[in-house]
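What follows is one structure encoded as structure tokens, with my remarks underneath.
The values are calculated or read from the model by the stated rules, or taken from the named source; none is laboratory data. Keep in mind that this is a model prediction, so the values were computed, not measured. Counting neighbours? That spans all protein chains shown, and the Cβs are built from the backbone with ideal geometry, glycine included. In case anyone asks, the SASA skips ligands and DNA or RNA and just uses the protein heavy atoms, side chains included. Shrake-Rupley method; radii C 1.70, N 1.55, O 1.52, S 1.80 Å.
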Amino acid sequence: MNLKYCVVYTRDGGSFVVKGSFERSTIRTMSNNVYYDGQAIHWKNGIVLEPQQLECVSGGTRSPDVPDCSTGRLP
């Protein structure tokens, strides 16, 4: 399997932005910055990680059955 468990924190490290299982996408970008854009994790060397099973998400687009990381509640 190509699944990786990932946790993305806010810049200050105090809160979760997203956590769950991600899979490496066939899509690559030119960016070398590491960030979560609300849909996918943009990793080093242009690698994009797409969500497969999310535990929680703060902001961005999320399914109604995925809890908010900041409150732990469903929408």
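Below, the figures for the structure above:
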{"read-out": "Accessible carbon and sulfur surface of the chain relative to its total accessible area, %, 1.4 Å", "value": "50"}
{"read-out": "Residue range of the chain that is longest and free of trypsin sites (Lys or Arg not before Pro) which are both DSSP loop and sparsely packed (at most 10 other C-beta within 10 Å)", "value": "12-72"}
{"read-out": "Dipole magnitude of the chain, debye to nearest 20 (Cβ charges: Lys/Arg +1, Asp/Glu -1, about Cα centre)", "value": "200"}
{"read-out": "Average accessible area per residue (Å²) across the chain - probe 1.4 Å, nucleic acids and ligands excluded", "value": "69"}
{"read-out": "Cysteines (scope the chain) whose Cβ has no counterpart Cys Cβ under 4.7 Å", "value": "Cys6"}
{"read-out": "Which label in (1) 34, 29, 18; (2) 41, 34, 12; (3) 45, 44, 15 gives the computed Cα extents along the principal axes in Å", "value": "(1)"}
{"read-out": "The range 6-75, relative contact order [Cα under 8 Å, separation at least 6], %", "value": "28"}
